[in-house]
Amino acid sequence: MATLTNIANETLIERMKRFYEQYRTTSNVEASFVNAKEALALTLLDDIGRYAEESNLDAIRMATAQWDEIRMMMQGSNDALKERLEREYKQAQGQG
């Protein structure tokens, strides 16, 4: 279970993993991945807006760099990232 402190300090990939695991409890792999990706993008926009209001350029740079890293993982095919999230989900559930 993620605590508020952990959530505030999580990387974007950790956040996507958390979203994926939450969606995966009620949805299939594909729907969970799509929903997690959309939720991540929306929360990233919220974060960047908050960072802009705080004039926190370093946080904006870090968030966009992490987003670029995730985009690179998905470039061409989402399969590798999707498989990674599913494998980690199964491990967390004791299935893997």
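Derivation of every value follows stated rules applied to the coordinates shown; laboratory data play no part. Every value quoted in this text rests on a predicted model; they were computed, and no experiment measured them. Don't worry about glycine lacking a Cβ; one is built from the backbone with ideal geometry, like all the others, and counts go over all protein chains shown.
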Quick one: angle between helix 12-24 and the longest Cα principal axis of the chain, in degrees between 0 and 90, rounded to 10, please.
40
Rounding to the nearest 10 and keeping the result within 0 to 90°, find how far the Cα-based axis of helix 79-92 lies from the longest principal axis of the chain.
70
By average Cβ neighbour count within 10 Å, what is the ranking of 82-90, 61-69 from highest down?
82-90, 61-69
Which ordering of Asp58, Asp47 is given by a fewest-first count of other beta-carbon atoms within 10 Å?
Asp58, Asp47
With contacts defined as alpha carbon pairs under 8 Å and 6 or more residues apart, what's the relative contact order of the range 10-92 in percent?
31
Rg followed by Dmax, in Å, when the chain is reduced to its Cα trace
14.0, 44
Looking only at Leu12, Leu45, Leu81, which one moves most when the chain is put into a Gaussian network model with springs between Cα atoms under 10 Å?
Leu45
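For the chain, what is the mean residue ellipticity at 222 nm derived from helices alone (per DSSP H run of n ≥ 4: -39500 (n - 2.57); sum divided by total residues; nearest 500 deg cm²/dmol)?
Details: 5 runs with 76 residues, N = 96.
Rounded to the nearest 500, the figure is -26000 deg cm²/dmol.
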Principal-axis tilt of helix 29-53 within the chain, Cα atoms, nearest 10 degrees:
10
